[in-house]
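Each remark here refers to the structure printed beneath this line.
The values are calculated or read from the model by the stated rules, or taken from the named source; none is laboratory data. Remember, it's a predicted structure, so these values are computed and weren't measured experimentally. Cβ placement follows ideal geometry from the backbone for every residue including glycine, while neighbour counts extend to all protein chains displayed.
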Amino acid sequence: MKKIFVNEVGPRDGLQNIDIILNVSQRLQLIQSLEKAGINSLEVGSFVSPKAVPAMDKTDILLEQLSNSNSNYSVLIPNSFGYKQAKKNRAKEVCLVLCATESMNIENINKSIKDTITEFKNIINLAKKDQIRTKIYISVAFECPYEGKVSAEYIYDLTKEFFLYGVNEVVIADTIGAARPNQVKNLFRKLVNAFGSSDFSAHFHDTRNLALSNVKVAMEEGVTKFDSCIAGLGGCPFAPGASGNLATEDLVSMLHKEGYETGIDEQMLRNSAKLAAKFTESL
């Protein structure tokens, strides 16, 4: 039975764009509930300005309270200052986000793609010395809300560049849920043929109810790692049209029905979804 790895992004990506701001205790309870369900890879927060994303404030306190766990925790960082904060708080993995179009990148982090790549290259070099794992998200990899469709050849070039810099993992992100299965198949076939499948992940939004179909075709091309979000929460606050993420409970249910192993208990996962709904019930 083939193993598929699920990376839970709810505690960061799911919570960053909702009206209710959870306190540290609630964020901790949600993470621990997900761990009890068998999820051991989680994006738990970010070191960004609390003015820009108030829901991620006090991620340092959250990490401190999670320090005795054996799970793999990652945090999102937008820049070198965020890296310093992540290192200071003993993060083992940092996530960088590069948008594939100039308009979206400026909207997201107020920098050109060229300047962002230069800064991220430096962060990756520092992280290698500090033995911190790096993951680069190539956002709006299929379509941008400002500039339209994105070239597969350009995503290939970005991927090649970051692997040359020594990044540990590249995540292809359908940030606004615009990708169609044939696009996903063609892009991942190109990438996997060139670089192999072990260092890729996929991140899908379910805006057009195609996320599960996109997962299936990505798996056909050899991808075995996928992001998902408990209760399908979230979206990007800087990307118009980026509605909820692929729900973890839907992904796991589909994978089990298709005969894949995840190590995740579906009933306990449903309990986590209920807890997430309870914490965000006025939405």
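Between ILE136, ILE106, ILE155, which is assigned to a helix (DSSP H, G or I), surrounded by 15 or more Cβ atoms within 10 Å (Cβ to Cβ), in contact (Cβ under 8 Å) with a residue 12 or more places away in the chain and of a type in the set (Val, Ile, Thr)? Steps first, please.
Values: ILE136 fails: assigned to a helix (DSSP H, G or I); ILE106 fails: in contact (Cβ under 8 Å) with a residue 12 or more places away in the chain.
Matching residue, one of ILE136, ILE106, ILE155: ILE155.
Counting just the residues of the range 114-138 that are of a type in the set (Asp, Glu) and touching a helix residue (DSSP H, G or I) at 6+ places or on another chain (Cβ under 7 Å), which one comes out farthest from LYS88 (Cα to Cα)?
Ranking the candidates gives GLU119 first.
Within the set of pairs 6 or more residues apart or between chains, which connect a residue that is without any contact (Cβ under 8 Å) to a residue 24 or more places away in the chain inside the range 46-61 to a residue that is of a type in the set (Lys, Arg) with Cβ atoms less than 7 Å apart?
none
Name the residue, out of LYS87, LYS111, that is in a helix (DSSP H, G or I), touching a helix residue (DSSP H, G or I) at 6+ places or on another chain (Cβ under 8 Å), among the basic types (Lys, Arg) and surrounded by 15 or more Cβ atoms within 10 Å (Cβ to Cβ).
Of the residues listed, the single one that is in a helix (DSSP H, G or I), touching a helix residue (DSSP H, G or I) at 6+ places or on another chain (Cβ under 8 Å), among the basic types (Lys, Arg) and surrounded by 15 or more Cβ atoms within 10 Å (Cβ to Cβ) is LYS87.
Quick check on this structure: which one of GLU153, GLU147, GLU143 is in contact with a helix residue (DSSP H, G or I) (Cβ under 6 Å, 6 or more places away or on another chain), acidic (Asp, Glu) and within 22 Å of ALA178 (Cβ to Cβ)?
GLU147
LEU187 - would you say it is crowded, with 17+ Cβ neighbours inside 10 Å, among the hydrophobic types (A, V, I, L, M, F, W, C) and part of a strand (DSSP E or B)?
Values: crowded, with 17+ Cβ neighbours inside 10 Å: yes; among the hydrophobic types (A, V, I, L, M, F, W, C): yes; part of a strand (DSSP E or B): no.
Answer is no for this residue.
So that you can scan it fast, the table gives a plain yes or no per residue for (1) surrounded by fewer than 23 Cβ atoms within 10 Å (Cβ to Cβ); (2) of a type in the set (Lys, Arg); (3) under 16 Å from the mean Cα position of the chain (by Cα); (4) farther than 22 Å from ARG90 by Cβ:
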position: PRO11; (1), (2), (3), (4): no, no, yes, no
position: GLU35; (1), (2), (3), (4): yes, no, no, no
position: GLY38; (1), (2), (3), (4): yes, no, no, yes
position: SER41; (1), (2), (3), (4): yes, no, yes, no
position: SER49; (1), (2), (3), (4): yes, no, no, no
position: ALA52; (1), (2), (3), (4): yes, no, no, yes
position: THR59; (1), (2), (3), (4): no, no, no, no
position: SER67; (1), (2), (3), (4): yes, no, no, no
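Kindly check whether there is at least one residue in the range 114-133 that is in contact (Cβ under 8 Å) with a residue 40 or more places away in the chain, of a type in the set (S, T, N, Q) and surrounded by fewer than 16 Cβ atoms within 10 Å (Cβ to Cβ).
Among the residues of the range 114-133, at least one is in contact (Cβ under 8 Å) with a residue 40 or more places away in the chain, of a type in the set (S, T, N, Q) and surrounded by fewer than 16 Cβ atoms within 10 Å (Cβ to Cβ), which makes the answer yes.
Looking at the range 17-33, which of its residues are surrounded by fewer than 17 Cβ atoms within 10 Å (Cβ to Cβ), within 16 Å of SER69 (Cβ to Cβ) and among the β-branched types (Val, Ile, Thr)?
Matches in the range 17-33: VAL24 only.
Taking the range 158-179 as the search range and keeping residues that are over 18 Å from the mean Cα position of the chain (by Cα) and under 16 Å from VAL97 (Cβ atoms), which one is surrounded by the fewest Cβ atoms within 10 Å (Cβ to Cβ)?
Step by step, filter the range 158-179, then rank; the result is GLU161.
State all residues of the range 158-176 that are closer than 17 Å to GLU119 by Cβ and either modelled with pLDDT under 95 or in a loop (DSSP other than H, G, I, E, B) (or both); if no residue qualifies, say none.
Of everything in the range 158-176, those that are closer than 17 Å to GLU119 by Cβ and either modelled with pLDDT under 95 or in a loop (DSSP other than H, G, I, E, B) (or both) turn out to be GLY166, VAL167.
Do you know which of the residues in the range 177-216 that are closer than 19 Å to VAL150 by Cβ and among the hydroxyl-bearing types (Ser, Thr, Tyr) is modelled with the lowest pLDDT?
THR207
Among the listed residues SER253, SER243, identify the single one that is surrounded by 15 or more Cβ atoms within 10 Å (Cβ to Cβ), modelled with pLDDT under 95 and either over 27 Å from PHE195 (Cα atoms) or in contact with a Cys (Cβ under 7 Å, 6 or more places away or on another chain) (or both).
Answer to the check: SER243.
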